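First the structure, in the form of structure tokens, and then the observations on it.
The values are calculated or read from the model by the stated rules, or taken from the named source; none is laboratory data. This is a predicted model, so every value here is computed, not measured. Glycine gets a Cβ as well: all are built from the backbone with ideal geometry, and neighbour counts include every protein chain shown.
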Amino acid sequence: MKKFIFTIMTFALCLSAVNYAQLDRSTSKVGTTAAQFLKIGAGARAIGMGGAYTAMSNDIYSVYYNPAGIAHTKEGAQVTFNHAEWLASISYDFAAASINLEEFGVLFMSLTSLGVPEDKVRTFEFPEGDGRVWDASSLAIGIGFAKKLTENFAIGFQAKYIREAIWNTSANGFALDIGTYYITPFNDLVIGASVSNFGSKMQLDGRELLFNYDPNDDPDTGPNNVVARYESGKFDIPLTFRIGLAMDVIRSRYIRVTAAVDATHPNDNTEYVNSGLEVGYDEIIFLRAGYKSLFLRDSEQGLTFGGGLNYKFSDQFAVFINYGWADYGRLENIQFVDIGMKF
């Protein structure tokens, strides 16, 4: 009962923190936060299940959705790499590694990268390019820790450094992810909750914000060509609260069917629900399907599906490969591929 009350209190505190940051919900607040790449998602398994992963987080990809979940992994160490060709030929990558220190807990690191390909600098005078090129990139580096406080209850944390850059300007920030993971006595139903990207504001700075200014607009009098700077705005990062449920609805010698659902409360959009289903055969071959962003206002997202292979070479070494596909309506569909090792 104490563990259950503690879990509920944690959920309430997380929800209160997010509600405090979202006092006005009359509008969706789309486009009001920086570092949007933090919302893309990680792992083809999670994508195939519609992003319903807060309570499914019992592998290396829990470091993105719910850092507490990785405390329940049995492997000594895990490494993984995830790649996706995002919308408009943007490249998205995610990598993570963890090490299980038994009674002490699990330490892990993560890296998220997004890159926009180079393009010509176009102006009114030079619509075909003025000889220069520009690009943009985003980066997040995290380090975290997770620990089982009891056999069925775990907590996890991750601290992240965030950087976004476009041409010769950049913005930096810091954020914290917090999660809890509780396996209930009812058919091992899992309740997971997490707060992602609770942190600082981000503000662009760089030489492209500098310009020469004439205070009296007269080149013949007074100081001319005074170095001045455009003042850029400060923007929050995409704070997100998730609460999820997951349970094996069928479990036999060879077949396992797991259903999961997440309720998501972001600070820059309306609330929505993700749902997913995973069918596993002998914990080797997997099929997945889901529906992403149900009830999200003006969403282009929808059906997802995927599959995976988890092959054990020995009791100490296994390789997994996953594929995920997500529908983005009028936009292009997105395909995720990841590969990793457990040892």
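Working only within segment 201-256, note down all residues that are surrounded by 17 or more Cβ atoms within 10 Å (Cβ to Cβ) and of a type in the set (Gly, Ala, Ser).
Answer for segment 201-256, where residues must be surrounded by 17 or more Cβ atoms within 10 Å (Cβ to Cβ) and of a type in the set (Gly, Ala, Ser): GLY244, ALA246.
For segment 82-105, does any single residue satisfy the condition of being hydroxyl-bearing (Ser, Thr, Tyr) and assigned to a loop (DSSP other than H, G, I, E, B)?
no
Failed condition for ILE339, given (1) in the same structural domain as ALA84 (by TED's automatic domain parsing); (2) surrounded by 14 or more Cβ atoms within 10 Å (Cβ to Cβ); (3) over 23 Å from SER252 (Cα atoms), with all others met?
(1)
Could you tell me whether segment 334-341 includes any residue that is of a type in the set (A, V, I, L, M) and touching a His at 6+ places or on another chain (Cβ under 8 Å)?
Yes, segment 334-341 contains a residue that is of a type in the set (A, V, I, L, M) and touching a His at 6+ places or on another chain (Cβ under 8 Å).
Of the residues that sit in segment 266-312 and are β-branched (Val, Ile, Thr) and not in a strand (DSSP E or B), which one is nearest to LEU331 (Cα to Cα)?
THR270
Quick one: how many residues across segment 160-185 are over 16 Å from MET56 (Cα atoms) and over 14 Å from the mean Cα position of the chain (by Cα)?
13
Going by the structure shown, is ASN322 under 24 Å from ALA193 (Cβ atoms), assigned by TED's automatic domain parsing to the domain that holds LYS74 and in a strand (DSSP E or B)?
Here the answer is no, as ASN322 does not meet what is asked.
Tell me which strands (runs of 3 or more DSSP E) are completely within segment 155-236 and hold 1 or more residues being without any contact (Cβ under 8 Å) to a residue 40 or more places away in the chain, under 22 Å from ALA55 (Cα atoms) and in contact with a strand residue (DSSP E or B) (Cβ under 9 Å, 6 or more places away or on another chain), or say none if there are none.
By residue number, 169-183.
Can you name the condition, by its number, that SER89 falls short on among (1) at pLDDT 95 or above; (2) farther than 23 Å from ASP236 by Cβ?
Going through the list (1) at pLDDT 95 or above; (2) farther than 23 Å from ASP236 by Cβ, SER89 breaks only (1).
Filter segment 107-152 down to the residues that are among the basic types (Lys, Arg), part of a strand (DSSP E or B) and surrounded by fewer than 15 Cβ atoms within 10 Å (Cβ to Cβ) and list them by number.
Once the filter is applied, which keeps residues that are among the basic types (Lys, Arg), part of a strand (DSSP E or B) and surrounded by fewer than 15 Cβ atoms within 10 Å (Cβ to Cβ), segment 107-152 yields only LYS120.
Does ILE166 count as surrounded by 15 or more Cβ atoms within 10 Å (Cβ to Cβ), of a type in the set (Val, Ile, Thr) and closer than 24 Å to ILE243 by Cβ?
The answer is no for ILE166.
May I ask you to list the residues in segment 295-314 that are surrounded by 15 or more Cβ atoms within 10 Å (Cβ to Cβ) and either modelled with pLDDT under 95 or over 22 Å from the mean Cα position of the chain (by Cα) (or both)?
The answer is LEU296, SER299, GLN301, GLY302, ASN310.
Residue-by-condition table, conditions (1) over 19 Å from the mean Cα position of the chain (by Cα); (2) at pLDDT 95 or above:
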{"site": "ASN224", "(1), (2)": "yes, no"}
{"site": "VAL227", "(1), (2)": "yes, no"}
{"site": "GLY233", "(1), (2)": "yes, no"}
{"site": "VAL257", "(1), (2)": "yes, yes"}
{"site": "ASP262", "(1), (2)": "no, yes"}
{"site": "ASN269", "(1), (2)": "no, no"}
{"site": "SER275", "(1), (2)": "no, yes"}
{"site": "VAL279", "(1), (2)": "yes, yes"}
{"site": "GLU283", "(1), (2)": "yes, no"}
